[in-house]
């Protein structure tokens, strides 16, 4: 009996095996290459922030879940592209790294496991990528102290249901506050202070606000219109509402 397969069948088998190999190892290889690039950049710059666990990660024994490069001014502006390939990451902290340029949706779209993103006190400008507000497990977002100018208007159905804290203070945000931010079901803390936001507060007596809401900070903007504290009647855990520095508020 012949044990040879027709050429077409052999090609089909090879394609299936190649696909299975990529599904099993492709993403891991891509992450490892990205991590090697980051590590090489840090070592080359004599950075003190090269985690000891990276050695085991590069050998494939573990996946990197927590990355803290905060205060490291040597990592460079091209680092976000490599970070975006580390799909296993749950926490990214690149606070106070003097990074600049615009944030791209492609930098974050693959970070499906990300729970915390801390990139405050840098010099990022332009719009906040909509992909940041679509990460399914995101709980904590800190973009404060940058030069960001616009908050994307995102459908409430695309927002992460777990998002608890949003820090966007000390930017250059303009335009109106998207109503979708107040539709987050677990929101506890929202800080939009010291920006150039305009228009009315996007909540009303019919708004379905999070019962977990504790802090709302909106001082030093250009907001106006009517604000009735009765709209917050279901926020039983509310501790602080700061609306100072908005000259045209009508409080009730």
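Values in this text are rule-based calculations from the coordinates and carry no lab data. Predicted, not measured: the structure shown is a model, and the values here were computed from it. No Cβ is skipped: glycine too gets one built from the backbone with ideal geometry, and neighbour counts run over all protein chains shown.
Points to keep in mind about this one:
- Sorted by Cβ density within 10 Å, fewest first, the residues 64, 218: 64, 218
- Here 133, 227 are placed in order of increasing Cβ neighbour count within 10 Å, fewest first, which gives 227, 133.
- Whole-number percent relative contact order across region 62-251, with pairs defined as alpha carbons under 8 Å at least 6 apart: 13 percent
- The stretch between residue 68 and residue 150 holds 26.9 nm of extra length on full extension. This uses 0.36 nm per residue minus the Cα-Cα distance.
- When 95, 81 are arranged by Cβ crowding within 10 Å, least crowded first, meaning fewest neighbours, the order is 81, 95.
- Label point 7 Å beyond Cα of residue 233 along Cβ direction - residues of region 171-192 with amide nitrogen under 20 Å: 183
- Overall form of region 75-187: oblate. Here a/c, set by the Cα gyration tensor axes a ≥ b ≥ c, is 1.5 or more, and a/b is not larger than b/c.
- Spin-label model, residue 78/residue 240: points 7 Å from Cα along the beta carbon direction are separated by 4.2 nm.
- Debye intensity ratio I(q)/I(0), log10, region 62-251, q values 0.08, 0.15, 0.16 Å⁻¹ (C-alpha model): -0.26, -0.88, -1.00
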